[in-house]
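Novice: Can you read through this structure? Questions will come right after.
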Amino acid sequence: MNATPLKGLAGINLKPQHYDEALNLTDPTYWFEVHTENYFVEGGPRLDYLRKLSQRFPLSFHGVGASLGNTSDFFPEHLNQVSQLVKEFNPALVSEHATWSAHQEAYFADLLPLPKTKLALDQLCDGIDRYQNAIGRSILIENPSNYLDFTSELDEPDFLMEAVNRTGCGLLVDVNNLYISHRNCGLDIINYLSNIDAKVVGEVHIAGFSYDEKFTDSLLIDSHGAPVDNEVWRYLALALESFGAVPVLLERDDNIPSFADLRAERDIAQTLLNSISSEVI
Amino acid sequence: MNPLADYFNGFSNYLKLGSDDTLADFLETESDARFMSIYRNGFFKSCQSALKANFPSVLNLLGDEYFSQIARVYVQNYPPKKSTLIGYGEDNFTEFLSETITDLPYLKNFALLDLYWLKSLNSKESTVWDSESVTQMASENVDLSQVPVSLVASSYIVTTDYPVLSTWALLKQGDGLTKHIKLAQEEESILIWRCSGEVRVRVLDKLDLVLLQSLATGTKLETATLNALEIDKNFDISEYFSELLQNRLLTLQV
């Protein structure tokens, strides 16, 4: 990874109900992330808004459907669509997940866990290589949220760092996912952060989680449907101490609050980033 | 033997069917296998939500609980075959509804209008033949009647077998119905198109249908006019042409 785009800046993942307010925003420190697949359309207002927004703010394309760990029958078409969007919008960041979502002809519309094995690593690296070759640039891959432990030969940070070393991609560290994995599976976040090379981290995500209806607080769900938890804020501060002032993105995909509420949460992240930046200076 | 292939096969079977004997081999012993349900719930919830978003009038007609039940069966039988949920259900959800809920024979027509509304919204842009361009061409003495034109890419002519448009419009907005739907079986033709970023709909009479169908296939205005004159010998293309331009429905064929 070379220079970090959007360094020191906090952004929001953009939902259609906030298009107009986002376009009226005058704060130049903002940037917006969108789910790439939501723009797999030929035309219409959704693309029009994105075009207008891209004139005013940096964009990040965050993919949720490539299934890099198990590429499917429709992977070539997926790459074709992502390539067209990346070519048109030239986003500051492009990211995907170290997960799988599809098998053969079926798409499961979820970010499913890979076993941390050497075979799975080979397959993930192949998916990343094909993705990066298709769009002609490197991407960031995001750590998964874990609900239970699958058989593994590698620890997750080693698994991800090996993918980075082999493919030249970078990492998107989702702090909420780390916290969920900590609570559900006992993952040691401090140890995890210390095993990630700060130089390869290009973005950090924060979000809110929810509790499973059936298993309550013994199973945290990566719902993106609540404000960021205090513990996640605390781990964000630790992550930024480790990684420096990498861009931070506030995700919210469910129970969408007002744009003002999202901005208030995002501004907390910006304040944290400012404190990191000033320490560096 | 490829353990990774076994893993994906086992996991996929679990997601589709709710159980798979091989999956336990891939779990660490201390893991609570009951937590696997989170993945299956997530898969169904995402797909059900997509169907609700894609078929809002059907959702409002059936109610959330019944729709969710029906949608779950559909997801199980027809999981998405593309890596986006935009348009999920376009392959066969209308037929599935028709086969599954036989006591509402008009239901598939609501689904059809939802589907074409969405197609129109996300369809590619056409270069609209607008008043300005027409004026320019007229000033250059172009014979407009001989210019090959067609309808913009976002336009669809949909024929339903019940007259559902007005009820569909209410349901799509989320308005509840104040009385039971009573519809006599009778065909209704509807034009759906996108104009200035907004999807519009209108019922077509016989003349509209003949004229717009000729234009949809791509033709000269003169030919479309001759077809319309067979329906109404007093038909005047000038007023109709102006309306087509205002609604940004025409594009020049290249």
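The values are calculated or read from the model by the stated rules, or taken from the named source; none is laboratory data. Remember, predicted model here, so these are calculated numbers, not experimental data. Don't worry about glycine lacking a Cβ; one is built from the backbone with ideal geometry, like all the others, and counts go over all protein chains shown. Calculation scope for accessible area: heavy atoms of the full protein, side chains included, ligands and nucleic acids excluded. Shrake-Rupley method; radii C 1.70, N 1.55, O 1.52, S 1.80 Å.
Novice: Lysines near B:Lys233 by alpha-carbon distance under 26 Å, same-chain residues fewer than 8 away left out - which ones?
Specialist: Leaving aside lysines fewer than 8 places away in the same chain, those within reach of B:Lys233 are B:Lys206, B:Lys220.
Novice: Rounded to the nearest 20 Debye, what is the dipole magnitude of the protein assembly as shown about its Cα centre when Lys and Arg each give +1 and Asp and Glu each give -1 at the C-beta?
Specialist: 760
Novice: Here is a follow-up. Apply 1/(1 + (r/R0)^6) to the Cβ-Cβ distance of B:Met137 and B:Glu65, taking R0 = 60 Å, and write down the FRET efficiency to the nearest 0.05.
Specialist: 0.60
Novice: May I ask for the distance between the Cα centers of the stretch A:1-53 and the stretch A:118-191, given as a whole number of Å?
Specialist: With the stretch A:1-53 and the stretch A:118-191 each reduced to a Cα centre, they are spaced 25 Å.
Novice: Can you find, among A:Asn80, A:Val228, A:Ala163, the residue farthest towards the positive end of the dipole of chain A? Put +1 on the C-beta of Lys and Arg, -1 on that of Asp and Glu.
Specialist: Highest projection toward the positive end goes to A:Asn80.
Novice: Give the total of Lys-Lys pairs in chain A with Cα-Cα distances below 26 Å; include a pair only if its members are 8 or more places apart or on different chains.
Specialist: Close lysine pairs found across chain A: 9.
Novice: Separation of the stretch B:141-213 and the stretch A:62-89 by C-alpha centroid, Å?
Specialist: 34
Novice: Enumerate the calculated ³J(HN,Hα) couplings along the stretch B:81-92 in order (Karplus 6.51 cos²θ - 1.76 cosθ + 1.60, θ = phi - 60°), each rounded to whole Hz, writing x wherever the residue is Gly or Pro.
Specialist: My calculation for the stretch B:81-92 gives 10, 9, 8, 8, 9, 5, x, 4, x, 5, 5, 7 Hz in order.
Novice: Using only the C-alpha atoms of the protein assembly as shown, find the volume of their convex hull and express it per residue in Å³.
Specialist: Convex hull volume per residue, Cα atoms: 179 Å³.
Novice: Can you work out ³J(HN,Hα) from phi for every residue in the stretch B:200-208, in order, using Karplus 6.51 cos²θ - 1.76 cosθ + 1.60 and θ = phi - 60°, giving whole Hz and x for Gly and Pro?
Specialist: Each residue of the stretch B:200-208 in turn: 10, 9, 7, 6, 9, 8, 4, 5, 3 Hz.
Novice: Hey, if you put +1 on the Cβ of every Lys and Arg and -1 on every Asp and Glu Cβ in chain A, which of A:His182, A:Asn70, A:Leu6 ends up farthest toward the positive end of that dipole?
Specialist: A:Leu6
Novice: So for the stretch B:1-104, averaging the separation of alpha carbon pairs under 8 Å that are six or more residues apart and normalising by length, what relative contact order in percent results?
Specialist: Taking the mean separation of contacting Cα pairs over the length of the stretch B:1-104, I get 21 percent.
Novice: Test of understanding: in a Gaussian network model of chain B with alpha carbons linked when under 10 Å, which of B:Glu239, B:Glu95, B:Glu125 would top the mean-square fluctuation ranking?
Specialist: Result: B:Glu239 has the largest fluctuation of those listed.
Novice: Which loop trypsin sites (Lys or Arg not before Pro) in the stretch A:173-231, with loop taken from DSSP, have no more than 13 other Cβ atoms within 10 angstrom of their Cβ?
Specialist: Counting only loop positions with at most 13 other Cβ atoms within 10 Å, the trypsin sites (Lys or Arg not before Pro) in the stretch A:173-231 are A:Lys214.
Novice: Right, here's the next one. When we measure straight from the Cα of B:Lys124, which aspartates and glutamates land under 14 angstrom away, once same-chain ones fewer than 8 places off are left out?
Specialist: A:Glu42, A:Asp48, B:Glu198
Novice: Can you list residues from other chains, or at least 5 along the same chain, whose modelled amide H is less than 5 Å from the amide H of A:Glu33?
Specialist: A:Ile12, A:Asn13, A:Leu14, A:Ser60
Novice: Below 8 Å, C-alpha to C-alpha, sequence gap of six or more: please give me the relative contact order for chain B in percent.
Specialist: Relative CO of chain B lands at 19 percent.
Novice: Taking the stretch B:116-254 as the region of interest, what is the percent of Cα-Cα pairs per 10 angstrom bin, listed from the shortest bin to the one with the maximum distance?
Specialist: Here the calculated profile for the stretch B:116-254 is 11, 38, 32, 14, 4, 1.
Novice: Largest first and to the nearest Å, give the Cα extent of the stretch B:1-104 along each principal axis.
Specialist: Result for the stretch B:1-104: principal-axis Cα extents of 49, 25, 23 Å.
Novice: Any idea how far the Cα center of the stretch B:45-113 sits from the one of the stretch B:221-254, in Å?
Specialist: The stretch B:45-113 and the stretch B:221-254 have Cα centres spaced 37 Å from each other.
Novice: Something else: Roughly to the nearest percent, how much of the accessible area of the protein assembly as shown is carbon and sulfur, given a 1.4 Å probe?
Specialist: On the protein assembly as shown, the fraction of accessible area on carbon and sulfur atoms equals 47 percent.
Novice: Under 5 Å between amide hydrogens, which residues at least 5 positions from B:Leu250 or on another chain qualify, with H placed 1.01 Å from N in the peptide plane?
Specialist: When sequence neighbours closer than 5 places are left aside, the close amide H contacts are B:Trp129, B:Val152.
Novice: In peptide B:7-15, how many Cβ atoms from other protein chains are near each Cβ within 10 Å, on average?
Specialist: Taking all residues of B:7-15 together, the mean is 5.
Novice: Additional query: Ignoring everything but the protein chains, give the 1.4 Å probe accessible area of A:Ser72 in square angstrom, nearest 10.
Specialist: Near enough 20 Å² of accessible area.
Novice: Next question. Each residue of the stretch A:100-112 in turn: what ³J(HN,Hα) in whole Hz from Karplus with 6.51, -1.76, 1.60 and θ = phi - 60°, glycine and Pro shown as x?
Specialist: Ordered by residue, 3J(HN,Hα) equals 9, 9, 9, 9, 6, 9, 10, 10, 9, 6, 8, 9, 9 Hz.
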